[in-house]
1. Condition check: among the polar types (S, T, N, Q), exposed (fewer than 15 other Cβ atoms within 10 Å of the Cβ), modelled with pLDDT under 85 and over 28 Å from Ala181 (Cβ atoms). Does Asn415 satisfy that?
2. Filter segment 101-129 down to residues that are over 13 Å from Ser4 (Cβ atoms) and under 31 Å from the mean Cα position of the chain (by Cα) and give me whichever is modelled with the lowest pLDDT.
3. What number of residues within segment 454-469 satisfy the criterion of being under 31 Å from the mean Cα position of the chain (by Cα), modelled with pLDDT of 80 or more and more than 9 Å from Ser426 (Cα to Cα)?
4. Pick from Thr53, Thr82: which is closer than 19 Å to Leu111 by Cα, of a type in the set (Ser, Thr, Tyr), at pLDDT below 90 and surrounded by 15 or more Cβ atoms within 10 Å (Cβ to Cβ)?
5. Here is a list: Leu433, Leu385, Leu409, Leu398. Which entry is modelled with pLDDT of 75 or more, over 21 Å from Lys286 (Cα atoms) and of a type outside the set (Phe, Trp, Tyr)?
6. Which of the residues that make up segment 441-457 are touching a Lys or Arg at 6+ places or on another chain (Cβ under 8 Å) and either within 19 Å of Glu422 (Cα to Cα) or assigned to a loop (DSSP other than H, G, I, E, B) (or both)?
7. Just to be sure I understand, how many residues within segment 49-63 are touching a helix residue (DSSP H, G or I) at 6+ places or on another chain (Cβ under 9 Å) and within 17 Å of Ile307 (Cβ to Cβ)?
Amino acid sequence: MENSRLLIVDDEVVIRDGLKRILEGESFEVETCSSGFYAIEIMQQREFDLIITDLKMPGMSGIEVLKSVRTLQPDIPVILITGYASVDTAVEAMKNGAADYITKPFAPDLLLEKVRNALSQRLITPDEICFKEEITLHHGFHQFIGESKEMQKVYHRIIHVAATNSTVLITGESGTGKELAAQAIHENSPRKEKPFVAVDCSSLAETLLESELFGHVKGSFTGAVQAKTGLFMVADGGTLFLDEVSNISLSTQAKLLRALQERKITPIGGTQLLSIDIHLVAATNKDLKTMVHEGTFREDLYFRLNIIPIELPPLRDRKQDILLLIRHFLKKYTIEIGKEIRGVAPDVMTFLESYAYPGNVRELENMIERAVVLAEGDIIRNEDLELWDSTDDSSVRLIEHIPLNAEELKEMKRNIRDHAMESLESVFVQNALERNNWNVTRAAEETGILRPNFQSMMKKLGISARGEH
């Protein structure tokens, strides 16, 4: 017990240092931070055996920290620090999962007693918790298909966060299913009978996005011929999903932050404050931390959104799910299109299981749908995939024939892997250049690759600094 790792969260340096000194004197490993936001960020990187947090802190309260801990690492006990005036609140927090509370000023002996009691009551391992999803999570979850350990982590996180009102930030490459994850959160929440409202923040201009989110009163701007109810109010009682939240302008970010903090909004051109009751889920395929450092995304909004992070793995990192996905999409599109497809040719399956899928699950689904539509027989063959440009005389078919022996199979698999790796490298380099406005030096620095090596990759792939191939 004495080697247990403890995290202390308090905005007062005197309290943090005092607690650290007392607990380290008893051989506990102690780490401290000054806000709930930083505590959540630290917990995403390291594991702890106990959290001690102040109840009243600016930005994020101890109650919010407690709720986030219950979602991120449910077996970790939380002790709240409070003043005498807030004892009732602390007692109420214990009903919601806090292990104990201690009032200021506190005696070292009492503190140590409460810490040891909380640690002794901690569950041994998360595996011993009887999660309700263990009964249902086998080959998939809602519209997700996959039984890999990477997806199991996603399913568990969705179940945990769905029971709370904590803000969620879903990250992942395009095509990994961020909106599916948001819908799964909603469908597993107490809000499932209320609206699920999705907003694509990249598809609207700044003024239109503000009007969509917050609404406007009649005559508030040119073209506002009648009042409009914002999506915050449309989603009242339910879930509001902000897709591609990284594309919101700084001015709109400020209004969004205020709405999340105050749980109230004001329509454009209006004066009346309207209370909102929504579970906010945001998503992006960009690195918001990098955008914060660049000054294009507000740090306080990033912390407010990133209370509970869910990272969706790319398909290349969960290869064992590919066969399940192929079966699922074959069944789906043979029914929709009305064709009898018995299966996939061996050479096609070899390719599909080796391909890098830069477009992730969405790309695989599109490939299967296209193959079902184009198939002339009851077996998907390589020509049905159309993985090459038939208008380009220099194009080479990826799969020319079914291998006749082990050597041919080995050679074909090597060629497919080489092509898949080249596709992955091409997407990697292009995305890095696009994120850095096609500045080669900045792209190389961001990816951690020496500039000459990065340029060599560009040359090999036929990519110029202007994005021409």
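1. Values: among the polar types (S, T, N, Q): yes; exposed (fewer than 15 other Cβ atoms within 10 Å of the Cβ): no; modelled with pLDDT under 85: yes; over 28 Å from Ala181 (Cβ atoms): yes.
In short, no.
2. Only one residue fits best here, namely Ile129.
3. Qualifying residue count, segment 454-469: 1.
4. Values: Thr53 fails: at pLDDT below 90.
Exactly one residue qualifies, and that residue is Thr82.
5. Leu385
6. Hits for segment 441-457 are Ala443, Ala444.
7. Residues of segment 49-63 that are touching a helix residue (DSSP H, G or I) at 6+ places or on another chain (Cβ under 9 Å), as a first pass: 49-57, 59-63.
Filter again for within 17 Å of Ile307 (Cβ to Cβ), leaving 51, 53, 57, 59-63.
Qualifying residue count, segment 49-63: 8.
Residues checked against (1) exposed (fewer than 14 other Cβ atoms within 10 Å of the Cβ); (2) in contact with a Gly (Cβ under 7 Å, 6 or more places away or on another chain); (3) over 26 Å from Ala162 (Cβ atoms):
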residue	(1), (2), (3)
His216	no, yes, yes
Phe241	no, no, no
Gly270	no, no, yes
Leu273	yes, no, yes
Asn285	no, yes, no
Glu299	no, no, yes
Ile307	no, no, no
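The values are calculated or read from the model by the stated rules, or taken from the named source; none is laboratory data. Quick caveat, the model's predicted, so the values are computed rather than measured. Note that we place each Cβ from the backbone using ideal geometry, even for glycine, and neighbour counts take in every protein chain shown.
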